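Report on the structure given below.
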Amino acid sequence: PGAAGRWAALGASLLLVAGSLGYGWYTRRPPALTDRDSLVVGAFDNTTGNPVFDDTLVTALKVQLGQSPFLDIVPDARIAATLRLMGRPADERLTHDVARETCQRLGVKVLIDGGLAPFGRQYVLTVTATDCRTGATLAQAQAEAADSEAVLVELGRIASTMRTQLGESLPSITRFDTPVADATTPSLPALKAYALGLEERRRGRELESIAFFKQAIALDPDFAQAHATLSTVYGVMGEIDRSEQHAREAYAHQNRVSERERLFIRYQYHDRVTGNQGAVVET
């Protein structure tokens, strides 16, 4: 070949080498999290004007990420206690700034929050992992949803992508990755009611939460997680018969939850219904 051909071949070789080096650097980057780190899930910035997404997306994201044996999500009770120590209301909404300050107080490494915005007739969904100390973006995933019902599906896909970016192994994600709609409910209104019930419980209002969990079940009678939570609430209030009733319902629909929730439902069923303490311990 002539000089031009030799230079083109050399350039192509250099690009291949540079690409290989770049790929090697990317794949060798340390994961954002290890199995010793924790994370805080903050609020979603919902700019769609549709209130059905308020609190719903946070609840769905916690369910999706909570399936992971690798990720450790800081529980709501610990968040509430930290907010009180910060001189804030225990039920304050975890906007990005508030959540990041809470992260720092807890000594937690990562904050995960997101946003939902309209895009014509569609929606754009974004989930971001932020380094609580520096504010740097550690990982981010984005997707478009064709309609409101597709938002939960896309959120599940984004959460799986985020788990990979944060350092979880692919075999782990493959094993513990029940779609959000299957792990909770395909009904957005039912999930909204459930999220409102959880919010009432977070505020310490067990009695007030019951109406929301009942509404969620009325909208989707197969909503196993709502039955399980309602069984817990009735148990706290000493309503044993009702607690057992909803423990039975949750057990009957345990195929509609993630593996972690399925174990809780089985524990609850044997503890409250059968009384089989051997099965309780085993579960």
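The values are calculated or read from the model by the stated rules, or taken from the named source; none is laboratory data. No experiment lies behind these values; they were computed from the predicted model shown. Note that we place each Cβ from the backbone using ideal geometry, even for glycine, and neighbour counts take in every protein chain shown. Side chains included, ligands, DNA and RNA excluded: accessible areas come from the protein's heavy atoms. Shrake-Rupley method; radii C 1.70, N 1.55, O 1.52, S 1.80 Å.
Have a look at 49, 42 and point out the one that is under 12 Å from the mean Cα position of the chain (by Cα) and either touching a residue at least 40 places away in the same chain (Cβ under 8 Å) or assigned to a loop (DSSP other than H, G, I, E, B) (or both). Before the answer, list the steps.
Working: 49 fails: under 12 Å from the mean Cα position of the chain (by Cα).
Sole residue among the options that is under 12 Å from the mean Cα position of the chain (by Cα) and either touching a residue at least 40 places away in the same chain (Cβ under 8 Å) or assigned to a loop (DSSP other than H, G, I, E, B) (or both): 42.
Could you please find all residues in the range 99-117 being closer than 15 Å to residue 57 by Cα and open to solvent by 30 Å² or more (accessible area, probe 1.4 Å)? Break it down stepwise before answering.
Quick first cut of the range 99-117, residues closer than 15 Å to residue 57 by Cα only: 112-117.
The answer is 117, and nothing else.
Criterion first (of a type in the set (Phe, Trp, Tyr) and touching a Lys or Arg at 6+ places or on another chain (Cβ under 8 Å)) does residue 223 satisfy it?
Numbers: of a type in the set (Phe, Trp, Tyr): yes; touching a Lys or Arg at 6+ places or on another chain (Cβ under 8 Å): yes.
Answer is yes for this residue.
Given 241, 182, which one is surrounded by fewer than 20 Cβ atoms within 10 Å (Cβ to Cβ) and under 24 Å from residue 148 (Cβ atoms)?
Working: 241 fails: under 24 Å from residue 148 (Cβ atoms).
Going through 241, 182 in turn, just one is surrounded by fewer than 20 Cβ atoms within 10 Å (Cβ to Cβ) and under 24 Å from residue 148 (Cβ atoms): 182.
Name the pairs: first residue in the range 69-89 and acidic (Asp, Glu), second residue surrounded by 14 or more Cβ atoms within 10 Å (Cβ to Cβ), Cβ to Cβ under 6 Å, at least 6 apart or on different chains?
Correct list of pairs: 72/38; 76/202.
Can you work out which of the residues in the range 136-156 that are more than 16 Å from residue 126 (Cβ to Cβ) and among the aliphatic types (A, V, I, L, M) is surrounded by the fewest Cβ atoms within 10 Å (Cβ to Cβ)?
Step one: list which residues in the range 136-156 are more than 16 Å from residue 126 (Cβ to Cβ), which gives 136, 146-149.
Keeping just the survivors that are among the aliphatic types (A, V, I, L, M) gives 136, 146.
Working: 136: 9, 146: 12.
Ranking the candidates gives 136 first.
If I filter the range 71-98 down to residues being in contact with a helix residue (DSSP H, G or I) (Cβ under 9 Å, 6 or more places away or on another chain) and among the small types (Gly, Ala, Ser), which single residue comes out as surrounded by the most Cβ atoms within 10 Å (Cβ to Cβ)?
80
I'd like to know if the range 165-187 contains one or more residues that are among the acidic types (Asp, Glu) and modelled with pLDDT of 90 or more.
No, the range 165-187 contains no residue that is among the acidic types (Asp, Glu) and modelled with pLDDT of 90 or more.
If I filter the range 157-179 down to residues being in a loop (DSSP other than H, G, I, E, B) and among the small types (Gly, Ala, Ser), which single residue comes out as most open to solvent (accessible area, probe 1.4 Å)?
First, the residues of the range 157-179 that are in a loop (DSSP other than H, G, I, E, B): 167-169, 176-179.
Filter again for among the small types (Gly, Ala, Ser), leaving 167, 169.
Details: 167: 31, 169: 60 Å².
Among those residues, the one meeting the criterion is 169.
Would you pick out the residues in the range 204-239 that are assigned to a loop (DSSP other than H, G, I, E, B) and small (Gly, Ala, Ser)?
As a first pass, look at the range 204-239 and keep what is assigned to a loop (DSSP other than H, G, I, E, B): 204-205, 220-223, 237-239.
Matches in the range 204-239: 204, 238.
Can you confirm whether residue 261 is in contact with a Gly (Cβ under 9 Å, 6 or more places away or on another chain), open to solvent by 30 Å² or more (accessible area, probe 1.4 Å) and under 26 Å from residue 68 (Cα atoms)? Give the steps one after another, and end with the answer.
Numbers: in contact with a Gly (Cβ under 9 Å, 6 or more places away or on another chain): yes; open to solvent by 30 Å² or more (accessible area, probe 1.4 Å): yes; under 26 Å from residue 68 (Cα atoms): yes.
For residue 261, the condition - in contact with a Gly (Cβ under 9 Å, 6 or more places away or on another chain), open to solvent by 30 Å² or more (accessible area, probe 1.4 Å) and under 26 Å from residue 68 (Cα atoms) - is met.
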